[in-house]
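Read the structure below first, then the notes.
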Amino acid sequence: MKFGGTSMAGSERIRRVAGIVRRQQAAGHQVAVVVSAMAGETDRLVNFCREANPLYDPAEYDVVVASGEQVTAGLLALTLQAMGCRARSWLGWQIPIHTQEAHAKARISSIDAEAMIAAMDAGEVAVIPGFQGLSEQGRITTLGRGGSDTSAVGVAAALKADRCDIYTDVDGVYTTDPRIVARARKLKYVTYEEMLELASVGAKVLQTRSVSLAMKEGVRVQVLSSFIDEESPLADTLPGTMIVSDDDMAKIVEEHEMESQLVTGIAHDKNEARIVLTRVPDRPGAVSGIFAPLADASINVDMIIQNVGRDKGETDVTFTVPQADLARAQALLEDKRETIGFNRVITDSKVAKISVVGVGMRSHAGVASTMFKALAERGINIQAISTSEIKISVLIDEDETELAVRVLHTAYGLDADVPAE
Ligand code: ADP
Ligand code: ASP
Ligand code: MG
């Protein structure tokens, strides 16, 4: 069981979480619980690091930001004990959850769950702070923002758990962020691949890495609400959204005679920025000259277009980078102006990437043209396009994000009859 930041924000909510844990235990389960820091706490800790030293050492950053989860893990163990339930906390270094060295974005390498399993066998609830691990050097690491989801999936895999229930502040995965589109529909099932694409293009309901780990380890993941009471159906009745394999999805569609959807979900991401280099020489090696230095600096380039049509063998190159890396990317490019041979760098961080995702795209044509037509009808200009096998993304003006998501949601027939509460 994993509980996110909103679910753990304050004593009253932690009591509700403890109640849910106790109910699962009473239903005959052994449970391990992974918790996030209280909502807003990690942001607050990140700010302290920035104030202390703008060029902070990631290893010390991890020492600071990992602390939020230690507090909630201890508090949940105490609350469970107060309810007469045996429980203890297991910090990342105590289990231990081994990770690689990359501070602030470490990957889990292995989890030695033996001692914890023995304690669980003896009837104790294990409470684990999410987000944190132990490096090969014996130092505290963290798994990147939203990383408690990945902790939960990792622990579930190590325990060979029947299921990994991710409790959050919505009751499942929706066709799009239900906080933006009131007519978003809850999905009963979504495939790992679709969830992976949705998460990676901005649906922050699960950390991307948690989905790839679940897919790799075959962990059964359910997303469900923690804002429930004693009368609510047990998690075992699968009230939330189940993440399933392609094969299972095919069986489910057949059994329930469901119509398979072309598009499963829509996500948006406002964290990208656009860069245009004008009048780049149109010759072999020019593009490599632009992107090699960015790659060397670990700056992820996402969408790329090379515009044609300029005379004199010149072209404009447009691409996107994470907003957080924009200043660095711009400085790097300015440095290489002579070698690359461009005229100007134009940047814009007021852009948003809107993506539609669905495995149905593999076998159906016309998904992209529906998207372009729907956006054009509302006068929304497309600045860049990128596609994968099951995803189409467009870059637009940030101010048009909500409108675009709504318009596309309707265009692909995803609207629910009744708006979500
Ligand atoms: P937690 O603190 O529990 O980890 P998060 O804030 O990380 O919760 O993720 C839950 C949030 O994800 C929801 O409140 C919702 O606004 C957002 N979200 C974005 N896209 C979706 C989607 N497709 N389905 C459900 N929730 C989504
Ligand atoms: N507390 C961490 C964060 O806010 C990890 C998590 O909640 O998943 O990023
Ligand atoms: Mg989260």
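Quick look at the values:
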quantity	calculated
Some residue of region 81-100 being under 21 Å from the mean Cα position of the chain (by Cα) and touching a residue at least 60 places away in the same chain (Cβ under 8 Å)	no
Phe227, sole failed condition from (1) more than 16 Å from ligand 2 (Cβ to nearest atom); (2) free of Cβ contacts under 8 Å to residues at least 40 places away in the same chain	(2)
Leading residue by the ranking (nearest to Glu338 (Cα to Cα)) among those in region 275-296 that are surrounded by fewer than 14 Cβ atoms within 10 Å (Cβ to Cβ) and among the aliphatic types (A, V, I, L, M)	Ala292
Qualifying residue in region 31-46 (condition: in contact (Cβ under 8 Å) with a residue 12 or more places away in the chain, within 16 Å of ligand 3 (Cβ to nearest atom) and among the polar types (S, T, N, Q))	yes
Selection count, region 311-355, where residues are in contact with a Ser or Thr (Cβ under 7 Å, 6 or more places away or on another chain), more than 16 Å from Ile396 (Cβ to Cβ) and not in a strand (DSSP E or B)	5
Boolean, Val17 is surrounded by 15 or more Cβ atoms within 10 Å (Cβ to Cβ), closer than 22 Å to Asp162 by Cα, within 16 Å of ligand 3 (Cβ to nearest atom) and over 20 Å from the mean Cα position of the chain (by Cα)	yes
Every residue from region 113-140 that is among the hydrophobic types (A, V, I, L, M, F, W, C) and in a loop (DSSP other than H, G, I, E, B)	Ala113, Ala122, Phe131
Number of positions in region 146-170 that are buried (at least 21 other Cβ atoms within 10 Å of the Cβ), more than 7 Å from ligand 1 (Cβ to nearest atom) and of a type in the set (Asp, Glu)	1
Selection count where residues are surrounded by 16 or more Cβ atoms within 10 Å (Cβ to Cβ), modelled with pLDDT of 95 or more and more than 16 Å from ligand 1 (Cβ to nearest atom), scope region 40-57	1
Residue ID - farthest from Ser226 (Cα to Cα), chosen from residues in region 7-51 that are touching a strand residue (DSSP E or B) at 6+ places or on another chain (Cβ under 7 Å) and of a type in the set (Ser, Thr, Tyr)	Ser36
Residue within region 121-132 that is within 16 Å of ligand 3 (Cβ to nearest atom), surrounded by 20 or more Cβ atoms within 10 Å (Cβ to Cβ) and within 16 Å of the chain's Cα centre (by Cα) present	yes
Total residues in region 174-206, condition within 17 Å of Phe3 (Cβ to Cβ) and either more than 16 Å from ligand 2 (Cβ to nearest atom) or surrounded by fewer than 19 Cβ atoms within 10 Å (Cβ to Cβ) (or both)	1
Yes/no for Ala102 being surrounded by 15 or more Cβ atoms within 10 Å (Cβ to Cβ) and more than 16 Å from ligand 3 (Cβ to nearest atom)	no
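The values are calculated or read from the model by the stated rules, or taken from the named source; none is laboratory data. For clarity, every value in this text was computed on a predicted model and none was experimentally measured. Cβ atoms come from the backbone with ideal geometry, glycine included; neighbour counts cover every protein chain shown.
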